[in-house]
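Read through the structure below, which is laid out as structure tokens, and then see the notes.
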Amino acid sequence: MTREEFIKVLDRKKYSYKIQGDNIIVTHKGSVWLNSLTSLPPGVEFENGGGVYLDALTSLPPGVEFKNWSGVNLNSLTSLPPGVEFKNGRYVLLNSIIGVGGYFHYWEGNIEGIDEKRLLNKMISIGIFER
């Protein structure tokens, strides 16, 4: 998906955003429902006030950041490239990577005493989820 196509989707759904350099920062006050998208352009950041629902997304470009207030649903995603970061407020759902019920905070590989998103981001940064 191109930047222009993504901006058209945001405009059609009336989701607020700002452009900073090469980045598109989604700033909508509530949740962002983009379940029909299968890809995103590079340089997207989610800083919205609710969840991010990208259930049909099959790929993410490096550099996508999730800084939204609530959870992130990525049910169809099968890989996570280095440069993707999760700094969101609640859960990360990765059914196609972890399995059904794929909330990362319930993954049996989590280490007690280590924040699960810190672990997830480290695993992404060293390429564990690349295919």
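Filtering segment 3-38 to residues that are surrounded by 14 or more Cβ atoms within 10 Å (Cβ to Cβ), outside any helix (DSSP H, G or I) and touching a Pro at 6+ places or on another chain (Cβ under 8 Å) leaves only ILE24. Kindly check whether there is at least one residue in segment 69-77 that is free of Cβ contacts under 8 Å to residues at least 12 places away in the same chain, farther than 19 Å from PRO41 by Cα and of a type outside the set (A, V, I, L, M). No - not one qualifying residue is present in segment 69-77.
Among the residues of segment 85-107, not a single one is surrounded by fewer than 16 Cβ atoms within 10 Å (Cβ to Cβ), of a type in the set (S, T, N, Q) and either at pLDDT 95 or above or outside any helix (DSSP H, G or I) (or both).
Taking the listed residues ASN73, ASN48, the one that is within 10 Å of the chain's Cα centre (by Cα), surrounded by 19 or more Cβ atoms within 10 Å (Cβ to Cβ) and more than 19 Å from ARG131 (Cβ to Cβ) is ASN73, with no other qualifying.
Residue count for segment 1-38 satisfying the condition of being in contact (Cβ under 8 Å) with a residue 12 or more places away in the chain and touching a helix residue (DSSP H, G or I) at 6+ places or on another chain (Cβ under 9 Å): 11. When SER59, SER79 are screened for being touching a Lys or Arg at 6+ places or on another chain (Cβ under 6 Å) and surrounded by fewer than 19 Cβ atoms within 10 Å (Cβ to Cβ), only SER79 passes.
The values are calculated or read from the model by the stated rules, or taken from the named source; none is laboratory data. All figures in this text were calculated on a predicted structure; none of them were measured in a lab. Note: ideal-geometry Cβ built from the backbone for every residue, glycine included; neighbour counts use all protein chains shown.
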